[in-house]
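Okay, structure first, notes after.
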Amino acid sequence: MAAQNYLILIVGPTAVGKTDLCINLAKKFNTEIISCDSRQFYREMNLGTAKPTKQELEQVPHHFINSLSIEDSYDVKMFEKEAIELLEDLFEEHQQVIMTGGSGLFADAVVDGLDEMPTLDPSIREGVIQDYETKGLEFLQEEVKRNDPEYFEKVDQNNPQRLMRALEIFRGTGKPFSSFRVKSKKERPFKTLKIGLERDREELYSRIDFRMDQMIEAGLFDEADALFGKRHLNALQTVGYSEIFGFMEGKYDKEEAIRLLKRNSRRYAKRQLTWFRRDPEITWFHPQEESKIIQWISDQIGE
């Protein structure tokens, strides 16, 4: 009988400490890392997405980091297909593979598969886009919050594409987007071990603020400035860039942009935790409990 293959999934909010731990685990289990952080796919977005450094990337093989351009059309369905194909190859060489990131939907797609979404009349999509263009982001936020509060709590509330998709589904079916995400799990040829990383709220928020200061010092505003002309692209409509674009459009001063960067990053972390905490299969650890995590993994795989 073939040996059981294991996908070791490490999730958690931004700035919790996933990168260091995953590199150490990959070395311990002599394996490779798949990123399921949808913001780190794009090679033009570096500082604002807190990618692993060049030195960190060189320590163990990483996949799906810098794999796309912001100009590319890409979605979670494509990621599911490519990640499953990659895992088939990696499991030829390794009994365990690590996958990590803060994008819950992308992680779920690989572990459980995606629910089938209804096919809608394109005119519904056009109507939603028109509403966004005339009434703005706040309108989308209010509509999704009113019609699908469950999804609104989890979604990146500054990402108009995600909000428009949820509103499109609601208008086309009369049912909330979240009701289609019922998780009819697909069978996978591997077993997933789910690990969540968490810190005390004050500790996590302090790390988020400190890391944002480091990003700004490293040139985040310059990076955003270079991307300003392409700010309409979906990939750039995310925390870490949209706040700076607002400053560059003259909506507020730099001090306010920095305040918003920190506040929205903390809110993003809170939404990530809301998403992951709904999954009872996740076993939670503090990132510094590395030896406990290694022992837990070894126990699960029978080493």
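Observations, loosely collected:
- Computed over the chain, the per-residue total of -39500 (n - 2.57) for DSSP H runs of n ≥ 4 gives a 222 nm mean residue ellipticity of -16000 deg cm²/dmol, rounded to 500.
- For the residue pairs K51/K135; K77/K230; K154/K194; K77/K292, the alpha carbons lie more than 28 Å apart in K51/K135; K77/K292.
- Within the shell defined by Cβ-Cβ distances under 12 Å, the residues around W284 carry a net charge of 0, with Lys and Arg each +1 and Asp and Glu each -1.
- The long axis of helix 122-135 is offset from the longest Cα principal axis of the chain by roughly 60 degrees.
- Packing here is the average count of other Cβ atoms within 10 Å per residue, and on that basis the peptides 77-84, 211-218, highest first, run 77-84, 211-218.
- Mean separation of Cα pairs under 8 Å and 6 or more residues apart, divided by the residue count, gives the range 122-180 a relative contact order of 36 percent.
- Compactness index (Cα Rg / 2.2 N^0.38 Å), the range 122-180: 0.98
- Taking a ≥ b ≥ c as the square roots of the eigenvalues of the alpha carbon gyration tensor, the chain is oblate, as a/c is not under 1.5 and a/b does not beat b/c.
- Rounded, prolate or oblate (a/c below 1.5 giving rounded, otherwise prolate when a/b exceeds b/c) for the range 1-53 by Cα gyration tensor: prolate
- Distribution of pairwise C-alpha distances over the range 1-110, 5 Å bins, in %: 2, 12, 24, 25, 21, 11, 3, 1, 0, 0
- Taken one residue at a time, the phi angles of the range 194-209 give Karplus couplings (6.51, -1.76, 1.60, θ = phi - 60°) of 9, 10, x, 9, 9, 10, 4, 4, 4, 5, 5, 5, 5, 5, 4, 4 Hz. Gly and Pro are set to x.
- In this structure, N234 and E281 have a Cβ-Cβ separation that, at R0 = 25 Å, corresponds to a calculated FRET efficiency of about 0.25.
- The protection proxy used here, the mean number of other Cβ atoms lying within 10 Å of each residue, ranks peptides 146-156, 116-126, 292-302 as follows, highest first: 146-156, 292-302, 116-126.
- Put in line by how crowded their Cβ is, counting other Cβ atoms within 10 Å and starting with the fewest, M164, M45 read M164, M45.
- Taking the longest Cα principal axis of the chain as reference, the axis of helix 160-173 is set at about 80 degrees.
- Label-to-label distance, Q55 versus S179, with points set 7 angstrom from Cα along the beta-carbon direction: 5.3 nm.
FYI, it's all coordinate maths here, none of it is from the lab. Quick caveat: nothing in here was measured; it's all calculated off a predicted structure. Positions of Cβ are generated from backbone atoms using ideal geometry, with glycine treated the same way; all protein chains shown enter the neighbour counts.
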